[in-house]
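Asks: Please see the structure below; I have some questions.
Throughout, read-outs are computed from the coordinates displayed, never taken from laboratory work. Quick caveat, the model's predicted, so the values are computed rather than measured. As a convention, Cβ positions derive from the backbone with ideal geometry for all residues, glycine included, and neighbour counts pool all protein chains shown.
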Amino acid sequence: MHLTRLLTTATAAALIACPVIAVAAGDAPAAAPPAAAAPAAPPAAALPSIPKIAGGPDIYSTLKASGQFTILLQAADQTGLAPYLQKYPNFTLFAPTDDAFKALPPDVLAKLMAKDDASANQLQRILAYHLVTIQLDSSKIKGTKGPLPTAEKQPLQIDGSNPEDLLVNNADIIQADVRTTNGGIIHAIDKVLIPADSPYAATLKPASSTAPSASAASAPTLASAGG
């Protein structure tokens, strides 16, 4: 698979809205007992925190200066993606941190990073799956829900129905809208995204999500949100 073909044939598409889905005692009645207090809702799980990422000249330089994306950059170098992250403007990258890569099963990570043709092809496809060939900042994600085409051609699933917790597939965006001088946008994420047709997809398939909330049912498309 040629990365150039992936990037030149990938097209932008709007997000498509997804459908969501008293006892008497003696002669006188006793006073009704006070209603039991509703159990407190468990606190929301805190998102992983990372040192703030400062925007640089391009996506590659910004990731390198951060120091939190060394595995991603090694993968970009191995697969030939690095020049595209340096030279091409107006791309959006969902960037897994080093911790996200280290959370993969060790044998899967070792296979992906092995320097052989089969591994390079799979790793290239996985990286291209994180790349969108348009500018997509968080204002276009919030309030929307649905598929987003990628440079790998398999769509990501964006969920901005909760503006405080933006999701891409099963990953949280833990820092959004890192902008580069040449128009690139980086969203740092806490998991590596795997395309559905990857041989690793079944191994890394996330647990089934809960039924969508009522608010998600009315989530508009990207186009209707002003994209």
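Asks: Evaluate the Debye formula for the stretch 132-191 with equal point scatterers sitting on the alpha carbons, no solvent, and hand back log10 of I(q)/I(0) at q = 0.17 Å⁻¹, in q order, two decimals.
Replies: Taken in order of the listed q values, log10 I(q)/I(0) reads -0.53.
Asks: Ok, one more. Given points 7 Å out from each Cα along the Cα-Cβ axis, report the residue 110 to residue 52 separation in nanometres with one decimal.
Replies: 4.0 nm
Asks: Just need the relative contact order of the stretch 38-175 here, percent rounded to a whole number, with Cα pairs under 8 Å and 6+ apart. Let's see the in-between values first.
Replies: Values: 172 pairs, mean separation 26.0, N = 138.
Over the stretch 38-175, the number comes to 19 percent.
Asks: Scan around residue 174 for amide H atoms under 5 Å from its own, H built in the peptide plane at 1.01 Å from N, and keep only partners 5 or more places away or cross-chain.
Replies: Under 5 Å from the amide H of residue 174: 188, 189, 190.
Asks: Ok, one more. Please compare each pair in 111/140; 87/191; 87/140; 115/145 to a cut-off of 32 Å on the Cα-Cα distance and tell me which ones are over it. All intermediate terms of the calculation are to be shown ahead of the outcome.
Replies: Details: 111/140 35 Å; 87/191 26 Å; 87/140 24 Å; 115/145 37 Å.
Cα-Cα > 32 Å for 111/140; 115/145; rest within.
Asks: Once you sort the root eigenvalues of the Cα gyration tensor of the stretch 51-90 as a ≥ b ≥ c, which label holds: rounded (a/c under 1.5), prolate (a/b larger than b/c) or oblate (the other case)? Can you show the working numbers first?
Replies: Numbers: a/c = 3.10, a/b = 1.18, b/c = 2.63.
It is oblate, given that a/c is not under 1.5 and a/b is not larger than b/c.
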